[in-house]
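Participant: I have a structure I would like to understand better, so I am pasting it below and will then ask my questions one at a time.
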């Protein structure tokens, strides 16, 4: 059996759409490009070409994985984020476009010493260091597997000399020093909201999604200790849930932070919160 690239993508799109997968055509096109080892736009230009047997079988395999709701990034082994491509595994939170806003917000002021709490793939810290050639940073995570992923990404981006990673439960193993920027995308999903998440998201590390409390526990723990590790006037930037702005702002205010500001995403929903140490 032979098929053209275009017809195979069309058939796969129908299968994915029938399975209720949003963005079915985009996923099919990206997965086809990975099989062909070309950019997605090139796969579209080759639509009239025929697939060989090996390519057709491989495409069928990756589509079956997607039908099983395996995230595209887990199938490919990478995710493009901000300006770079990051190696990812099921051991880390999948870098998302909305988190790029955290990087943009953090880059509004210069920084020399950055701490990334719950670093995961390292995408936030490494994106910041790649844009600030004089900065150095530390990424910490409670997961050894995540630390291994972050270190691989640092090496891939030639940032291993400026980015260090260590195992730590928030600040527990961070040596006393003063950072001028602390960033974090902590687990903030309320346990009651987990059932609303897509099957793909639920394949990611649960401890990176929820604190199993009220979605605010991580913010409270970080805010309680952060100023001990911050220089005067240093900034703290969090990603937050769409309705958590006032709640996290109150936590930060109670903990003695100043210049607290909620930053909306492109849809006008709460997405980031930034503040400064005294």
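The values are calculated or read from the model by the stated rules, or taken from the named source; none is laboratory data. Please read these numbers as outputs of a predicted model, since none were measured by experiment. Cβ coordinates were reconstructed from backbone atoms using ideal geometry, including for glycine residues, and neighbour counts include every protein chain displayed.
Participant: Do you know which residues across the stretch 254-266 are surrounded by 17 or more Cβ atoms within 10 Å (Cβ to Cβ) and without any contact (Cβ under 8 Å) to a residue 12 or more places away in the chain?
Facilitator: Across the stretch 254-266, there are no qualifying residues.
Participant: If you don't mind, another one. Test of understanding: among 93, 101, which residue is touching a residue at least 60 places away in the same chain (Cβ under 8 Å), under 30 Å from residue 226 (Cα atoms) and assigned to a loop (DSSP other than H, G, I, E, B)? Full working, then the answer.
Facilitator: Values: 101 fails: assigned to a loop (DSSP other than H, G, I, E, B).
Only one candidate passes the filter, namely 93.
Participant: So for the stretch 267-277 (the condition being touching a helix residue (DSSP H, G or I) at 6+ places or on another chain (Cβ under 8 Å), surrounded by fewer than 21 Cβ atoms within 10 Å (Cβ to Cβ) and under 30 Å from residue 112 (Cβ atoms)), does at least one residue qualify?
Facilitator: Yes; the residues of the stretch 267-277 include at least one that is touching a helix residue (DSSP H, G or I) at 6+ places or on another chain (Cβ under 8 Å), surrounded by fewer than 21 Cβ atoms within 10 Å (Cβ to Cβ) and under 30 Å from residue 112 (Cβ atoms).
Participant: Working only within the stretch 152-198, note down all residues that are in contact with a strand residue (DSSP E or B) (Cβ under 8 Å, 6 or more places away or on another chain) and at pLDDT below 95.
Facilitator: 177
Participant: Within the stretch 119-219, which helices (runs of 4 or more DSSP H) (wholly inside it) include 3 or more residues that are buried (at least 18 other Cβ atoms within 10 Å of the Cβ) and touching a helix residue (DSSP H, G or I) at 6+ places or on another chain (Cβ under 8 Å)?
Facilitator: Numbers: elements: 123-131, 144-156, 206-209.
Answer list for the stretch 119-219: 123-131, 144-156.
Residues are listed down the side, and each one gets a yes or a no for (1) at pLDDT 95 or above; (2) touching a strand residue (DSSP E or B) at 6+ places or on another chain (Cβ under 9 Å); (3) in a helix (DSSP H, G or I); (4) surrounded by 14 or more Cβ atoms within 10 Å (Cβ to Cβ):
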{"site": "21", "(1), (2), (3), (4)": "yes, no, no, yes"}
{"site": "27", "(1), (2), (3), (4)": "yes, no, yes, yes"}
{"site": "34", "(1), (2), (3), (4)": "yes, no, yes, yes"}
{"site": "44", "(1), (2), (3), (4)": "no, no, yes, yes"}
{"site": "58", "(1), (2), (3), (4)": "yes, no, yes, yes"}
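Participant: Still on this structure: Give the number of residues within the stretch 104-118 that are surrounded by 21 or more Cβ atoms within 10 Å (Cβ to Cβ) and assigned to a helix (DSSP H, G or I). Steps first, please.
Facilitator: Within the stretch 104-118, the first condition is being surrounded by 21 or more Cβ atoms within 10 Å (Cβ to Cβ), and the residues that meet it are 106, 111, 114-118.
Filter again for assigned to a helix (DSSP H, G or I), leaving 106.
Total satisfying the criteria: 1.
Participant: Just checking, how many residues over the stretch 60-90 are in contact with a helix residue (DSSP H, G or I) (Cβ under 8 Å, 6 or more places away or on another chain) and either farther than 25 Å from residue 119 by Cα or not in a strand (DSSP E or B) (or both)?
Facilitator: Here the count works out to 17.
Participant: Looking only at the stretch 46-56, which residues are assigned to a helix (DSSP H, G or I) and out of contact with any helix residue (DSSP H, G or I) (no Cβ under 6 Å at 6 or more places or on another chain)?
Facilitator: 53, 54, 56
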